[in-house]
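Novice: Submitted below is the structure of interest, expressed as structure tokens.
The values are calculated or read from the model by the stated rules, or taken from the named source; none is laboratory data. Because the structure is a prediction, the values reported are computed rather than measured. Cβ placement follows ideal geometry from the backbone for every residue including glycine, while neighbour counts extend to all protein chains displayed.
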Amino acid sequence: MTELVRPAVSVVTPCYNEQAVLPEFLARMAAVLDGMALSAEIVAVDDGSTDRTWQAMTEAAAKDKRIVAVRLMRNHGHQLALTAGLTLCRGERILIVDSDLQDPPELLPEMMKLMDEGADVVYGQRRQREGETLFKRATAALFYRLIGKLTDVEIPSDTGDFRLMSRRVLDLLLAMPERHRFIRGMVAWIGGRQVPLVYDRKARAAGETKYPLSKMLRFAVDAITAFSVVPLMASMTIGWVMAAVGFCFILYSIVGYLLGYNLPGWTSLMAAIGLLGGMQFLMLGIIGAYLGRLYDQSKGRPLFMIREIVGGPGGESK
């Protein structure tokens, strides 16, 4: 029985409709790996793209045997597509990087050096964010500050999934069965020695962002519900506060009745009903968000479904 020989480094990149930038990314990534003279693989995951992303992957895999092109059955979303690549990669060290070239592949040698010095994880921490609107920068800053307050896990601010991990950290990450995944938070939860590499994030080399406001909000909800029960505890606190307010209204009504006051009518009544009803629906929504995630998890369906794998050792198609 032959022993598995792992590449020194695996590069994992999830892609969705990235035909405009993918060839340049693969060329720059290959040049970095060539300069390092290490055994390597590039696992590119097509997350159900509707353009020529898959064709660009297979063409690149035919030219470079280090490239493994993975095609999912449908669009699963960035975090699950990334999980598919992480599950399939074989390297001793694993670089997570998006193919939009906002996070420069040329930082890999410096990341490897920090890991040689004893780091378990080297994560990119953004100093500047070029090509992004003031609104996106402000909401991103608010998100990291908010999740830092809500969770007991110290999740570094101004970071993405761009990071280099050891095989030990990856094995621990893959042992976590969460469906609604917040990978940068899961890696932070693992612990070990995690060190930052500060860099300036570039604008997209081509194409459009895959994270509009709706997806950003959904991602924020997944992150908060995956790492914090504070919203549930807050619902209990708000419930007690509203119960106290309601009790005060009752006392006010009784005192007013005994003293013969002309109590306010519809205005105050409707305001109280609206306030209490709104808070109840808000709390039910928070509870529903957690229950929905428990329901999804309980079904035990696979996190992702693979249609085809092209390339890798021997250049085979599977």
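Novice: Does the stretch 109-119 include one or more residues that are on the phi > 0 side of the Ramachandran plot and in a loop (DSSP other than H, G, I, E, B)?
Specialist: Looking for residues that are on the phi > 0 side of the Ramachandran plot and in a loop (DSSP other than H, G, I, E, B), one finds at least one in the stretch 109-119, hence yes.
Novice: Mind counting the residues in the stretch 99-117 that are modelled with pLDDT of 95 or more and acidic (D, E)?
Specialist: Residues meeting the conditions: 4.
Novice: Just one of R28, R71, R90 is basic (K, R), within 24 Å of the chain's Cα centre (by Cα) and under 27 Å from P109 (Cα atoms); which is it?
Specialist: R90
Novice: Considering only residues that are at negative phi, surrounded by fewer than 24 Cβ atoms within 10 Å (Cβ to Cβ) and not polar (S, T, N, Q), which ones fall in the stretch 42-55?
Specialist: D51, R52, W54
Novice: Please state which one of T50, T58 is outside any helix (DSSP H, G or I) and hydroxyl-bearing (S, T, Y).
Specialist: Going through T50, T58 in turn, just one is outside any helix (DSSP H, G or I) and hydroxyl-bearing (S, T, Y): T50.
Novice: Let me ask something else about it. Return the residues of the stretch 37-58 that are in contact (Cβ under 8 Å) with a residue 40 or more places away in the chain and in contact with a helix residue (DSSP H, G or I) (Cβ under 6 Å, 6 or more places away or on another chain); say none if nothing qualifies.
Specialist: Within the stretch 37-58, A40, V43, A44, V45 meet the criteria.
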